[in-house]
Every structure is written in structure tokens, then in C-alpha cells.
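S.K.: Input: one structure, supplied below.
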Amino acid sequence: MAEEEAAAGRHHVLLLPGPMQGNVNSMMKLAQLLALHHFHITFLTTDFIHRRLHRFADIHSLSQTYPNLEFKSISDGLPDHHPRSNNNAFADLYSFFNSHGKPLLTEILLSKTAAKPKVTCLIGDGFLGGLTADVADEVGIPVIHFRAISVSSFWALFCAPNLFESNELPIRGEEDMDRIITALPGMENIIRCRDLPSFYRGTESNQVDPLKSTVFDCHQTLRARGVILNTFEDLDGPLLSQMRLKFLRVFAVGPLHAHLNSRRVSDAKTTPSTASFWEADRSCLTWLDSQPLQSVLYVSFGSITTVTRERLMEFWYGLVNSKKRFLWVIRPDMVAGEDNGDRVPAELEEGTKERGFIVGWAPQEEVLTHKAIGGFLTHSGWNSTLESLVAGVPMICWPCFADQQINSRFVSEVWKIGLDMKDLCDRHVVEKMVNDVMVHRREEFLKSAQAMATLAHKSVSPGGSSYSSLQDLVEYIKSVGRKNN
Ligand code: UDP
């Protein structure tokens with residue numbers, strides 16, 4: 001064992017997540033899993049995120065738990081007061097990294113101390129796929145890409161050129177939305193135009209905005225030595241088989257949070273951790289403690305999605321009119337547009353006081369595994385989808401952008417663990433779907449969600465597919481490190 005540790009200590013992996021909450025969350029779990037294998041790990045974020053992690057994620061205690069895990073940061077080029085929470089900001093971040101990131105990253109990749117060897121393997125977020133592939137080539141370090149989005153969306157984006165060539169795309173306006181896409185290998189006849197990743201919407205105008213071009217750029221991952229995916233065989237088997245025809249190595253090691261939790265149980269030294277950019281309001285857990293079993297709908301739209309005030313009101317009426325208990329995350333920056341000081345109608349205040357609880361940010365992983373939770377109204381971000389799936393909680397999906405449209409289709413039509421509210425959300429639909437998931441079709445959804453949760457846990461247990469795939473990744477990192485040493 002000591003020999004194994006010493007051997008692993010000759011390898012140094014640098015992880016570079018995209019500068020978004022979901023990406024940092026999942027890559028932080030991967031960083032810890034690799035740290036448990038005794039590699040030197042550097043987790044490189046932006047200065048802005050680094051400060052947030054220091055305040056809210058307790059990375060200080062993580063560094064104590066994993067002395068071989070170091071946090072470093074670089075500038076993202078935006079002023080400190082910038083909220084960094086809308087599409088324009090992501091486009092700005094993307095272009096900053098592409099124009100200024102190279103020297104910053106190169107310097108870190110080449111640095112070496114007495115305690116730590118030079119980086120022997122770079123794991124770069126696919127969001128920065130071109131940059132990490134270029135730098136790795138120049139420095140002569142192997143790069144593996146990490147894809148924080150779902151496999152279905154990555155694959156749908158990867159297949160974009162074929163879809164345009166075979167005239168399945170572009171989407172020709174609103175009336176074309178229900179047309180079935182037939183030529184997506186591994187998901188033939190499942191996906192309608194409206195279920196494609198949101199970046200496909202408006203493609204007929206040929207106005208490819210900078211953010212769109214980053215996601216369509218997923219062919220950069222062909223330059224990597226492999227791709228790491230936050231999924232597992234029983235969930236995405238057919239798509240993983242397709243990916244293996246194109247990519248050198250496919251490591252399906254998810255669900256990462258469940259994977260890390262399962263290793264923690266067998267390793268008492270480690271402590272639970274989150275990578276939150278905001279302070280979680282833990283009072284909601286106390287409130288949940290006093291609610292009946294599986295009686296509460298958890299409502300959260302992730303870290304980026306914004307809603308108009310009108311939309312917020314439709315959700316609010318739908319929730320209150322459903323007469324079900326709910327715990328709702330309304331981030332301080334979630335409601336877009338002017339605050340006209342409009343008062344919340346008295347009937348909503350009353351209904352919320354009776355059956356609801358609202359927080360600005362929740363400890364979501366803990367909330368979803370709380371026994372009082374019976375359903376999740378989600379924006380279908382990939383992390384949220386996996387967290388719900390692992391907890392065996394049925395979903396109502398209200399997708400907004402990126403991979404969310406295709407994730408919600410898989411939830412409702414492939415895995416059958418919830419309902420899809422895509423493109424049709426008003427107070428009546430919200431009320432009906434809440435009652436369907438929490439009452440009328442509860443048994444059906446609970447049964448399939450719990451069956452899927454069992455498969456997820458199996459995949460990260462010894463002998464499971466993700467467990468073995470992580471082992472393969474570890475061996476691969478060691479093998480490329482030996483060549484570099
Ligand atoms: N999250 C959280 N508390 C909240 C809302 C979200 O901890 O109140 C976490 C959630 O557990 C997930 C991440 O934020 O890990 C959101 O990532 P996801 O991919 O679901 O959506 P995104 O924010 O990228 O749209």
C-alpha cells in the first residue's frame with residue numbers, strides 16, 4: 001500500500017473546470033476521488049470562484065482532509081463586482097480564456113516544486129476544449145476532457161454536422177418543433193426538435209453567437225486522449241457505445257457525487273463537502289424535519305437560470321393552488337428585470353406560510369435525500385438531474401437552456417422517472433403536474449425512480465461499471481505519467 005501511494009505520488013493531475021457552479025461541483029468530486037488515489041492534485045479555478053469557495057465551501061478543511069489536493073486560481077478578466085451569471089458573461093469568460101488563458105495555464109503546467117512534480121496529466125473541462133487541447137499539445141502533456149453536461153446533449157451537439165448534412169436541421173420555426181429527429185445514433189426517434197439542446201433553436205438564422213460556437217466546438221474533444229463523463233452504463237449505455245466508436249477512451253465514472261460518497265463511507269478520514277458559490281440556508285433542513293414523509297416538493301432552477309416576474313407568479317400560483325407542501329429556492333439574482341416593488345398577492349403569502357418554505361440557496365444534495373422530499377421541480381441541469389436520480393426522487397422538468405431540454409426528454413420518455421413541462425408552463429400546468437407526481441401517479445414514478453437509484457448506487461460500488469471505469473482512469477493517468485516522468 002505504501003509503495004502504491006509513493007508510486008501515485010509521482011503523478012500530478014491538474015483539473016481545470018469551466019467557471020460555472022455545476023461544472024465546479026462535479027469536477028471537485030472528481031478531484032477528491034483522484035486525491036483518494038494519492039495523486040498530487042491541483043484544482044485550478046478563477047480568482048472569483050476561488051474566493052467564493054473559500055467563503056462558502058470550506059476548501060480549507062478539504063485541503064486538510066486531502067493534503068495532496070491544492071487549490072490555485074487565475075484571473076478571468078472580469079471586474080470583481082461583475083455578477084458573472086448570464087449568457088453574455090459566459091461568452092466574455094470564454095473569449096477571455098481563449099485570448100489570455102494560454103500563458104497563464106502554461107506557466108502553471110510547467111511549474112514544479114520540491115514537494116510536487118510537474119503536471120503529468122491535464123483534465124480540462126470541455127467548455128475550454130480548444131484551449132486545453134492547444135496548451136497540452138504545446139507543453140507536451142496528455143489532456144483528457146471532462147464533460148459536465150449530459151452524454152445525450154454532448155452527443156447531440158457532436159452530431160450537429162451530420163444533422164445539418166442530412167437536412168434534419170436547422171429547426172424551421174415554431175411549427176417544426178414536434179418533428180422527430182431520426183438520425184441521431186443511439187437515440188433514433190426519441191428526440192423532437194424541441195428536445196434538442198437549446199443551442200439548436202434559432203439555427204436557421206445562421207447567427208451563431210459566441211456561446212453557441214463554444215458548445216458546437218465539441219469536436220475539440222477528439223484531440224484529447226479520452227473523455228470523462230458524469231454518467232453510468234445502466235443510464236446511458238446506448239449513447240456510451242456510440243461514443244466509444246469515436247473517442248479513444250470513454251470513462252463513464254458517474255454519478256460523481258454518489259461515487260465520492262460511496263468511497264467516503266469506506267474511508268473514515270474524509271469529510272462531506274460542497275463546492276457552493278453561495279451560503280446554503282440550512283434552516284430548510286430543520287423545516288423539512290417537521291414535515292411528513294415524502295410530502296414536500298423541492299423546487300430549484302439551479303445556479304444560473306433566471307425567470308421573469310410573470311413566470312415566477314405562474315409557478316407560485318401553481319404551487320400554492322396544488323395544495324402541496326413545497327421548499328423553493330429563489331436565488332437573489334433569479335428574477336430578471338425590474339423590481340417594481342409589486343407586492344406578492346395575499347393568497348400566495350398565505351398559502352406559502354401554510355405549506356411552503358423559501359430560501360436563497362439550499363444544501364441541495366442533503367435536501368434531495370431528506371425523507372420529507374417526495375418530488376423535485378427542476379430546471380433539469382445535469383447535476384440536479386443526477387442528484388435527484390441518485391436520491392430516487394421523481395422529477396417535474398422545466399428546462400430552460402443548454403442540455404436541459406434533452407435531459408428532460410430523457411427523464412420523461414426514456415427513464416420514465418418524471419414529467420416534462422417543456423415549453424408549456426402556466427399555473428394550471430404546474431398545479432396539474434405537481435398533483436400528478438405527488439399524488440395521482442406517485443407510485444408509478446416512485447417505483448421507477450427508486451429502481452434507477454438502485455442501479456446508480458450499484459454502478460459506483462465495487463464491481464460496478466463506474467467503479468471499474470474510475471479504476472481504468474487511474475491506471476491510465478499512471479501510465480501516461482510514467483512516460484512523462
Ligand atoms: N445547488 C445547490 N443549492 C441550490 C441550488 C443548486 O447546492 O439551492 C447545486 C446543485 O446541487 C447542483 C448545482 O448547484 O449541483 C447546479 O448545477 P446544475 O447542473 O443542476 O445546474 P446549473 O446551475 O448548471 O444550471
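The values are calculated or read from the model by the stated rules, or taken from the named source; none is laboratory data. The shown structure was predicted, so the numbers you read here are calculated from the model rather than taken from an experiment. Here the Cβ is made from the backbone with ideal geometry for all residues, glycine too, and neighbour counts use every protein chain on show. Heavy atoms of the whole protein, side chains included, go into the accessibility calculation; ligands, DNA and RNA do not. Shrake-Rupley method; radii C 1.70, N 1.55, O 1.52, S 1.80 Å.
S.K.: What would the Debye formula give as log10 I(q)/I(0) at q = 0.09, 0.10, 0.14 Å⁻¹ for the alpha-carbon point model of segment 259-409, no solvent?
M.R.: Summing over Cα pairs of segment 259-409 leads to -0.30, -0.37, -0.71.
S.K.: Right, something else. Please state the relative contact order of the chain as a whole percent: Cα pairs under 8 Å, 6+ residues apart?
M.R.: Relative contact order, the chain: 17 percent.
S.K.: Tell me, what is the FRET efficiency for Gln294 and Phe401 to the nearest 0.05, using R0 = 25 angstrom and their Cβ-Cβ distance as r?
M.R.: 0.25
S.K.: Per-residue ellipticity at 222 nm for the chain, helices alone: DSSP H runs ≥ 4 residues times -39500 (n - 2.57), over residue total, nearest 500 deg cm²/dmol?
M.R.: -13500 deg cm²/dmol
S.K.: Now, a different point. Give the aspartates and glutamates reachable from Lys29 as a straight Cα distance under 18 Å; neighbours fewer than 8 places away on the same chain don't count.
M.R.: The qualifying aspartates and glutamates are Asp58, Glu70, Asp125, Asp267, Glu365, Glu366, Glu387, Asp472.
S.K.: Can you list which of the DSSP-assigned H helices in the chain have a Cα extent of 24 Å or more along the long axis and an average Kyte-Doolittle score of at least -1.0?
M.R.: 87-110, 442-459, 465-484
S.K.: When the Cα atoms of segment 336-485 are enclosed in a convex hull and the volume is divided per residue, what value in Å³ results?
M.R.: Once divided by residue count, the hull of segment 336-485 is 186 Å³.
S.K.: Given a 1.4 Å probe, how much area per residue of the chain is accessible, in Å²?
M.R.: 40
S.K.: Quick check: pseudo-label points 7 Å beyond the Cα along Cα→Cβ at Lys458 and Glu366, how many nm apart are they?
M.R.: 3.1
S.K.: Report the normalised scattering of the chain as log10 I(q)/I(0) at q = 0.08, 0.09 Å⁻¹, calculated by the Debye formula with identical scatterers on the alpha carbons.
M.R.: -0.47, -0.60
S.K.: If I take R0 = 45 Å and measure r between the Cβ atoms of Ser468 and Lys353 in this structure, what FRET efficiency does the formula 1/(1 + (r/R0)^6) give, to the nearest 0.05?
M.R.: Efficiency at R0 = 45 Å is approximately 0.35.
S.K.: Whenever you get a sec, line up Arg343, Arg482, Arg194, Arg331 from highest to lowest accessible area (probe 1.4 Å, protein heavy atoms).
M.R.: Arg343, Arg482, Arg194, Arg331
S.K.: Where the centroid of each part is defined by its Cα atoms, how far is segment 245-262 from segment 67-125 in Å?
M.R.: Taking the Cα centre of each part, segment 245-262 and segment 67-125 sit 23 Å apart.
S.K.: Let me ask another. Once each part is reduced to its C-alpha centroid, what is the distance from segment 429-485 to segment 321-338 in angstrom?
M.R.: Taking the Cα centre of segment 321-338 as reference, the centre of segment 429-485 is 28 Å away.
S.K.: What shape does segment 1-146 have by the C-alpha gyration tensor, where a ≥ b ≥ c are the square roots of the eigenvalues, rounded means a/c under 1.5, and otherwise prolate means a/b greater than b/c and oblate the rest?
M.R.: oblate
S.K.: Now for a different question. Suppose a student asked you for the relative contact order of segment 314-436, using Cα pairs under 8 Å spaced at least 6 residues apart; what percent would you report?
M.R.: Value for segment 314-436: 30 percent.
S.K.: For each pair in Lys72/Lys416; Lys458/Lys478; Lys447/Lys478; Lys112/Lys458, compute the distance between the two Cα atoms and list the pairs where it is over 32 Å.
M.R.: The answer is Lys72/Lys416; Lys447/Lys478; Lys112/Lys458.
S.K.: Any idea what the relative contact order of segment 232-383 is, in percent, if you count C-alpha pairs under 8 Å spaced at least 6 apart?
M.R.: It rounds to 32 percent for segment 232-383.
S.K.: Going highest first, how would you order 222-235, 390-403, 285-298 by mean Cβ packing within 10 Å?
M.R.: 390-403, 222-235, 285-298
S.K.: Another question, then. Dividing the Cα radius of gyration by the Kirkwood radius, what Rg/Rh value follows for segment 111-169?
M.R.: My calculation of the ratio gives 1.19.
S.K.: Summarise the accessible area of the chain (1.4 Å probe, protein heavy atoms) by the percent that is carbon and sulfur.
M.R.: 51
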